[in-house]
Every structure is written in C-alpha cells, then in structure tokens.
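Undergrad: Take a look at the following structure, please.
Each reported figure results from applying straightforward, stated rules to the coordinates on display, with no laboratory input. Nothing here was measured: the structure is a model prediction, and the numbers come from that model. No Cβ is skipped: glycine too gets one built from the backbone with ideal geometry, and neighbour counts run over all protein chains shown.
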Amino acid sequence: MIDVSELIALQQIMVARWHDDNGENANPHNGYLKNDYEGFLRLVCEQHKRNYLLWHQEDIARSPDVTDEEIARVKRNIDRLNQERNDHIELVDSAIISLLTAGDVGPVEGATLNTETPGSAIDRLSIMALRMYHMEEQIARKDASPEHHRKASDRLARCIEQHRDLSTSLEELLMDIFAGRKHLKVYHQFKMYNDPTMNPYLYRKKQVA
C-alpha cells in the first residue's frame with residue numbers, strides 16, 4: 001500500500017527546498033534540481049519536478065517585458081515539460097500496477113474503474129502544493145495591500161480544503177485498488193503535437209521540403 005501522507009510531505013518539502021536552493025529562475029533543463037528519493041517516491045518526485053518547472057516557465061510566458069525570442073524559447077520549454085509531465089503521470093500509474101503485480105493483487109469480480117487514476121490525482125496534488133506555496137508568498141508580501149493579503153488568505157484556505165479533499169479521495173482510491181475493488185489501467189495521453197508523424201503542421205512541412 002502507498003502512504004499518501006508520505007507523498008504529500010514529499011511534494012511540500014521539495015517545493016520549499018527547490019525554491020530555497022534555486023530561487024525563481026529555475027533552469028528549464030531541470031538537471032540540477034535535486035531528487036534524493038528512491039523507488040516509487042523518486043518517480044513521484046520526478047513528476048513533481050516537471051510541475052515545478054512548468055509553473056515558473058508559465059510565469060515567464062506571461063511577463064509583458066520579455067522579448068518574442070524569449071517567449072518562443074519558453075513556449076518550447078513548456079511543450080517539452082508538459083509532455084514529460086504527462087509521461088511521468090503514466091509512469092506513476094505503471095509503477096503502481098507493478099506493485100499490484102508483485103503483491104499478487106488483482107481486481108475482484110465486479111471491480112469498477114475510476115474516472116481518475118492515482119497518477120492523475122498525484123499530479124493534481126503536486127500542482128496544489130505549488131499553488132499553496134505561492135499563495136503563502138503572496139500573504140507574506142510586504143509591498144502588497146491589506147486587500148491583497150485578504151484575497152490571498154481566502155484563496156489559501158480554499159486551496160487547503162481542496163488539497164485535503166483530494167488527499168482523502170486518493171487514499172480511498174488506493175485502498176480500493178489494493179483491495180481489488182477498483183481496477184487500475186494506464187490511460188495514455190498520446191499527445192499528438194510533439195509527434196512529427198502526427199502533427200499535420202510538422203509532417204506537411206516535411207513533405208513540402
């Protein structure tokens with residue numbers, strides 16, 4: 001069985017640690033962001049890392065003072081990181097299936113599918129960890145107005161509630177999966193825009209050339 005509280009702690013610890021180590025200027029190639037975990041937690045941390053980097057690239061993309069050249073570079077980084085993010089969601093689900101196989105756990109008769117896989121829920125918790133961290137930053141801003149602080153505080157309270165609800169739902173889903181009451185499949189995203197054989201703009205351009 002997977003300890004959801006351990007996953008949550010990992011995500012919150014690493015968001016703070018990566019910010020402390022590297023500030024806001026996260027390298028989009030992500031090689032230097034430390035991941036000292038092992039096994040399944042290492043995979044969860046790698047998926048979390050992509051969301052961390054995506055968050056900061058999205059911030060840059062919305063800055064009005066960056067050049068068109070920089071926007072183009074950031075957009076390519078976002079496309080690559082988003083592909084890696086989705087790939088890692090699938091890897092997380094595949095790893096859970098491996099754990100089930102190793103434990104000789106299979107779905108019982110009448111087992112049902114869930115609309116969301118554990119990997120997708122873990123991804124959403126990762127984004128929530130980032131959102132809560134940055135909302136706390138807004139609350140701590142000394143240059144912001146009391147109204148801004150109140151707005152950020154209200155939003156943080158809602159984020160905490162949503163995070164708690166999602167954590168509980170993930171825990172219940174995993175309990176059902178490891179008891180055989182729910183059937184887990186890996187649902188592949190099959191992103192077409194990064195595939196030169198599937199993206200019409202890419203393969204038509206190649207045919208013309």
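Undergrad: Could you check the stretch 120-166 and list, in sequence order, the residues that are among the acidic types (Asp, Glu) and under 23 Å from Leu91 (Cβ atoms)?
TA: Scanning the stretch 120-166 gives a single hit, Asp123.
Undergrad: In the list Ser167, Ser98, which residue meets the criterion of being more than 23 Å from Leu81 (Cβ to Cβ) and exposed (fewer than 15 other Cβ atoms within 10 Å of the Cβ)?
TA: The match here is Ser98.
Undergrad: How many residues, within the stretch 64-111, are touching a residue at least 40 places away in the same chain (Cβ under 8 Å) and outside any helix (DSSP H, G or I)?
TA: 6
Undergrad: Being over 15 Å from Glu136 (Cα atoms) and either touching a helix residue (DSSP H, G or I) at 6+ places or on another chain (Cβ under 8 Å) or among the polar types (S, T, N, Q) (or both) is the filter here, so list the residues in the stretch 3-22 that pass it.
TA: Val4, Ser5, Glu6, Leu7, Ile8, Leu10, Gln11, Met14, Trp18, Asn22
Undergrad: If you check Ala152 against the conditions, is it assigned to a helix (DSSP H, G or I), free of Cβ contacts under 8 Å to residues at least 60 places away in the same chain and crowded, with 18+ Cβ neighbours inside 10 Å?
TA: So Ala152 passes the test.
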